[in-house]
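Worksheet: one structure, shown below.
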Amino acid sequence: MGDRPEFYRHEDDWLAIVERLKQTSCPHCHTVGTLVRHGTLTGFDDRAPPRITIRARRVYCSNRHRRRGCGRTFSVRLAHTIRRLSLTTRTLWRFLQRAVGAGLGSAIRDTDTPRSNRTLQRIWRRFDLGQSAIRTALLGRGPPPAVPAGPNRRPAAAHVLAHLRATFPHDDCPIAAFQQAMRASFI
Ligand SMILES: [Zn+2]
């Protein structure tokens, strides 16, 4: 991990990262003083109709003009994006909450983004497979809350979501907060 910024949330966060670039070491070659801004990565978002939006900023370890960088790049992703999916963290959070409460079938029927059943099932599977890694990361920041025995279809997953909510209680999007705080993709 080092001091490499993996995610940013707001434009101000990005500007702060840019200000520190000269003191930040390259995640590939660990040289300090060679990192420069290198444009953006864009993709479609989950609005209807989908619009092109910025997903990440790219940083380049410059080997031009006699700089001694390695010439490789890395991305600093916006915290509300999901790896390889156009879904936002907010939509994912709502979907997962419905899936643990009312069941996956119901969550798929109720989702407000135009996604195929197969895509949504695949998204659920990605979360399901990542649950223990998410739990481990959350335990590093505090114990899980006591979860009332509600009518949850998926008690283990409900517990993970409750733990996530409790870890970032004042955040309007706990998944984006997770990605920024842990410097890791949620799924
Ligand atoms: Zn480098």
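Counting Lys and Arg as +1 and Asp and Glu as -1, what is the net charge of the other residues whose Cβ lies under 10 Å from the Cβ of Thr40?
Computed value for this residue: +4.
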Item to complete: At 25 °C and 0.890 mPa s, grab the translational diffusion coefficient of the chain from Stokes-Einstein with a Kirkwood Rh over Cα pairs, rounded to a whole number in µm² per second.
Response: 136 µm²/s
Response to the item:
Helix 117-139: inclination vs the chain longest Cα principal axis, degrees, rounded to 10, gives 70 degrees
Response to the item:
Rounded to the nearest 10, the angle in degrees between the Cα long axis of helix 155-167 and the longest principal axis of the Cα atoms of the chain comes to 50 degrees
Item to complete: Would you mind checking the tilt of helix 89-102 against the longest principal axis of the Cα atoms of the chain, expressed as 0 to 90 degrees and rounded to 10?
Response: 20 degrees
Worksheet item: Mind checking which of Ala56, Ala146, Ala166 has the largest fluctuation in a GNM of the chain, springs on alpha carbons under 10 Å?
Response: Ala146
Response to the item:
Once normalised by the length of the chain, the mean sequence separation of its alpha carbon contacts under 8 Å that are 6 or more apart gives a contact order in percent of 19 percent
Practice prompt. Could you do me a favour and compute the accessible area per residue for the chain, 1.4 Å probe, result in Å²?
Written response: 55 Å²
Worksheet item: Along the stretch 61-67, what does the Karplus equation 6.51 cos²θ - 1.76 cosθ + 1.60 (θ = phi - 60°) give for ³J(HN,Hα), rounded to whole Hz, x for Gly and Pro?
Response: 8, 6, 10, 8, 6, 6, 7
Fill in: Semi-axes of the equivalent ellipsoid for the stretch 1-80, Cα gyration tensor, largest first, Å
26, 13, 10
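Of the heavy-atom accessible surface of the chain (probe 1.4 angstrom), what whole percent is carbon and sulfur?
Working: 5200 of 10350 Å².
Here it works out to 50 percent.
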Discussion item. Which residue fluctuates most in the GNM of the chain (Cα springs below 10 Å): Pro144, Pro169, Pro49?
Written reply: Pro49
Item to complete: Determine the dipole magnitude for the stretch 22-181: charges of +1 sit on the beta-carbon of Lys and Arg, -1 on that of Asp and Glu, nothing else is charged, the reference point is the Cα centre, and the result goes in debye to the nearest 20.
Response: 840 debye
Worksheet, complete the sentence: The set of cysteines in the chain having no other cysteine's C-beta under 4.7 Å reads Cys173
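Using a cut-off of 15 Å between beta-carbons, work out the net charge of the residues near Pro155 (Lys and Arg +1, Asp and Glu -1, Pro155 not included).
On the way: positive: Arg135, Arg153, Arg154; negative: Asp128.
Local charge sum for Pro155: +2.
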Item to complete: Work through the residues other than Phe7 whose Cβ is under 10 Å from its Cβ and net out their charges, Lys, Arg +1 and Asp, Glu -1.
Response: +1
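Take peptides 22-28, 84-90, 175-181 and line them up by average Cβ neighbours within 10 Å, highest first, as a rough protection proxy. Mind dumping the intermediate values first?
Numbers: 22-28: 15.7, 84-90: 17.6, 175-181: 23.0.
With the highest mean Cβ count within 10 Å placed first, the list reads 175-181, 84-90, 22-28.
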Response to the item:
Diffing the stretch 172-181: the Karplus 3J(HN,Hα) column from phi (6.51, -1.76, 1.60, θ = phi - 60°), in whole Hz with x for Gly and Pro, holds 6, 9, x, 6, 4, 4, 4, 4, 5, 6
Worksheet entry | Paramagnetic reach from Cys29 in the stretch 74-102 [backbone N under 17 Å; point 7 Å along Cα→Cβ] | 74-75
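The values are calculated or read from the model by the stated rules, or taken from the named source; none is laboratory data. No experiment lies behind these values; they were computed from the predicted model shown. Don't worry about glycine lacking a Cβ; one is built from the backbone with ideal geometry, like all the others, and counts go over all protein chains shown. Note: areas computed on protein heavy atoms with side chains; ligands, DNA, RNA excluded. Shrake-Rupley method; radii C 1.70, N 1.55, O 1.52, S 1.80 Å.
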